[in-house]
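The values are calculated or read from the model by the stated rules, or taken from the named source; none is laboratory data. These numbers were taken from a predicted model, which means no experiment stands behind them. Don't worry about glycine lacking a Cβ; one is built from the backbone with ideal geometry, like all the others, and counts go over all protein chains shown.
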Ligand code: SF4
């Protein structure tokens with residue numbers, strides 16, 4: 001049985017690690033970009049980003065003053081037994097958010113949209129969000145914490161099937177121009193693209209693609225994988241460098257996820273995840289031991305299944 005207290009302690013620790021420790025795959029890619037960047041000012045910015053990652057760990061402080069909107073992804077093994085069920089799980093995750101908002105601290109960004117009421121703990125109506133997925137023949141609970149900004153770098157467009165890959169590329173470039181030329185996405189970014197599904201599923205997939213895959217990871221569908229590689233190269237040839245400066249290092253990676261769509265349309269959503277890539281995953285086993293990792297392993301074969309089984 002997975003105990004509620006183990007979930008609480010794990011979720012607290014996940015928030016701390018996510019806020020402070022840059023995942024190694026992201027840091028490595030920015031180091032590689034720094035070596036290749038030909039514009040002096042952009043190279044300087046990349047050096048400062050790398051220094052900032054190290055300063056966060058040294059000072060035990062969040063890597064960005066804006067700690068975004070903390071959220072959780074829970075992948076639950078089909079055989080997992082959780083003390084108090086899903087209701088107690090959610091209570092522990094909400095409590096961990098409030099505790100770490102005050103403890104690290106995180107910036108209390110969450111307010112009521114009309115009254116601007118603020119509990120000063122990042123908890124409120126539908127805050128923090130918890131997204132769920134399931135895994136067969138497993139008795140563990142995977143918890144991933146993501147702190148993602150919530151203001152810029154996200155868009156949605158309903159394309160027609162005849163718009164095809166060309167239409168998707170145009171939307172991709174429109175988003176680059178809209179967000180990157182003013183540094184509004186705080187690039188270099190990982191770009192998640194959701195294609196298909198209904199509008200809500202399309203937007204969700206784009207966010208998951210941006211936040212829950214490792215830099216360098218490729219979709220198992222070879223055609224989609226080739227498009228990911230092509231768009232990553234395209235994004236770095238559009239003239240944008242980090243933080244709105246001219247350059248050739250704006251896109252850390254592009255990740256595409258698909259869902260079956262209405263036959264009359266091809267919805268597309270694009271989400272940018274900034275260089276402050278706050279994500280961390282823990283697996284809580286049935287004996288209440290915990291292992292930590294950087295790869296969320298959210299997109300399993302089961303999660304992407306396309307048959308009844
Ligand atoms: S977009 Fe990212 S780097 Fe920029 S202010 Fe927000 S959290 Fe910080």
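Okay, here's what the table says:
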| read-out | value |
| --- | --- |
| In the stretch 99-109, the residues that are part of a helix (DSSP H, G or I) and surrounded by fewer than 19 Cβ atoms within 10 Å (Cβ to Cβ) | 99, 102, 103 |
| Filtered residues of the stretch 227-255 (kept if surrounded by 19 or more Cβ atoms within 10 Å (Cβ to Cβ), in contact with a strand residue (DSSP E or B) (Cβ under 8 Å, 6 or more places away or on another chain) and part of a loop (DSSP other than H, G, I, E, B)) | 236, 247, 250 |
| Residue within the stretch 144-154 that is closer than 21 Å to residue 7 by Cβ and out of contact with any helix residue (DSSP H, G or I) (no Cβ under 6 Å at 6 or more places or on another chain) present | yes |
| Selection count where residues are in contact with a strand residue (DSSP E or B) (Cβ under 6 Å, 6 or more places away or on another chain) and away from the ligand (no atom under 16 Å from the Cβ), scope the stretch 265-285 | 9 |
| Residue tally, condition within 24 Å of residue 188 (Cα to Cα) and surrounded by fewer than 21 Cβ atoms within 10 Å (Cβ to Cβ), over the stretch 1-22 | 4 |
| Any hit, the stretch 156-173, residues being under 30 Å from residue 14 (Cβ atoms) and either within 16 Å of the ligand (Cβ to nearest atom) or modelled with pLDDT under 95 (or both) | no |
| Any hit, the stretch 203-226, residues being modelled with pLDDT under 95 and either in contact with a strand residue (DSSP E or B) (Cβ under 6 Å, 6 or more places away or on another chain) or in a helix (DSSP H, G or I) (or both) | no |
| Candidate set: the stretch 180-196, residues that are within 15 Å of the ligand (Cβ to nearest atom) and touching a strand residue (DSSP E or B) at 6+ places or on another chain (Cβ under 6 Å); chosen: the one nearest to residue 256 (Cα to Cα) | 192 |
| Matching residues, the stretch 151-175, being over 20 Å from residue 236 (Cβ atoms) and loosely packed, with under 13 Cβ neighbours inside 10 Å | 151, 160, 161, 162, 164 |
